[in-house]
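A.B. asks: Can you keep this structure in mind? I'll have questions shortly.
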């Protein structure tokens with residue numbers, strides 16, 4: 001394992017984040033804070049509890065997951081797309097660096113940035129809404145697994161995209177709607193029976209449900225199913241990345 005190469009890619013990607021702190025960190029934190037102000041303080045004070053949890057506290061896991069999914073995908077996709085766009089990816093492919101080391105560098109940096117952002121949003125939420133974390137270990141596990149999985153997914157999107165517009169198609173038109181419809185602002189048990197069954201086809205439901213369970217010990221679906229869902233998607237993304245590097249799809253053309 002060429003750890004020097006992994007560290008070089010990782011440090012380069014992390015340095016890019018700290019050069020653009022306003023866009024990479026401050027903007028998502030401020031945007032999420034506005035959700036806390038509007039939904040947590042203004043609207044939440046007029047709504048009843050959900051499963052014995054105040055509305056402002058109830059939406060915290062969903063809002064963190066919303067930012068985590070979008071930032072994981074965007075950071076990783078942009079990180080690998082830029083070498084493709086500038087042509088420097090051929091230097092990377094010809095260097096004595098394996099595909100595993102390339103993925104570890106880019107995906108590791110994207111996941112690190114997303115986890116850092118998630119923790120910052122969690123700390124910011126304390127300024128607006130009181131909350132508790134029933135299972136801190138599992139909260140960190142869900143945070144890390146989600147960031148890693150969707151950073152891998154973003155890596156695949158970055159390889160697939162051939163222009164800057166395509167980088168935003170999946171986060172804006174797929175992931176964000178699925179998150180809003182996945183119980184970020186409500187419990188799916190509040191839906192009519194038919195829509196509860198339809199909601200179970202939304203994969204983001206399992207992520208938000210498991211993450212919320214780690215906070216308050218309540219979940220819309222079984223926690224074991226949530227863990228299995230995210231591990232299954234992680235395995236799918238790993239298989240897709242392995243196939244891409246094995247065949248050279250979108251890398252050598």
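A.B. asks: Got a number for residues in the stretch 191-232 being over 25 Å from residue 119 (Cα atoms) and assigned to a helix (DSSP H, G or I)?
C.D. replies: Here the count works out to 7.
A.B. asks: Give the number of residues within the stretch 93-113 that are modelled with pLDDT under 90 and within 26 Å of the chain's Cα centre (by Cα).
C.D. replies: 6
A.B. asks: Now, a different point. Only one of 140, 116 is within 20 Å of the chain's Cα centre (by Cα) and free of Cβ contacts under 8 Å to residues at least 24 places away in the same chain. Can you tell me which?
C.D. replies: None of the others qualify; the one that does is 140.
A.B. asks: Turning to a different aspect of this structure: When you check residue 77 against the structure, is it modelled with pLDDT of 85 or more, within 14 Å of the chain's Cα centre (by Cα) and either over 30 Å from residue 9 (Cα atoms) or surrounded by 12 or more Cβ atoms within 10 Å (Cβ to Cβ) (or both), yes or no?
C.D. replies: It is true that residue 77 is modelled with pLDDT of 85 or more, within 14 Å of the chain's Cα centre (by Cα) and either over 30 Å from residue 9 (Cα atoms) or surrounded by 12 or more Cβ atoms within 10 Å (Cβ to Cβ) (or both).
A.B. asks: Out of 245, 211, which single residue is touching a helix residue (DSSP H, G or I) at 6+ places or on another chain (Cβ under 6 Å), surrounded by 16 or more Cβ atoms within 10 Å (Cβ to Cβ) and at pLDDT 90 or above?
C.D. replies: 211
A.B. asks: Right, residue 174: surrounded by 21 or more Cβ atoms within 10 Å (Cβ to Cβ), within 14 Å of the chain's Cα centre (by Cα) and part of a helix (DSSP H, G or I) or not?
C.D. replies: So residue 174 fails the test.
A.B. asks: Would you say residue 56 is within 16 Å of residue 187 (Cα to Cα), loosely packed, with under 13 Cβ neighbours inside 10 Å and more than 16 Å from the chain's Cα centre (by Cα)?
C.D. replies: For residue 56, the condition - within 16 Å of residue 187 (Cα to Cα), loosely packed, with under 13 Cβ neighbours inside 10 Å and more than 16 Å from the chain's Cα centre (by Cα) - is not met.
The values are calculated or read from the model by the stated rules, or taken from the named source; none is laboratory data. None of these values were measured; they are calculated from a predicted model. Methodologically, a virtual Cβ is constructed for each residue, glycine included, from the backbone with ideal geometry; neighbour enumeration extends over all protein chains shown.
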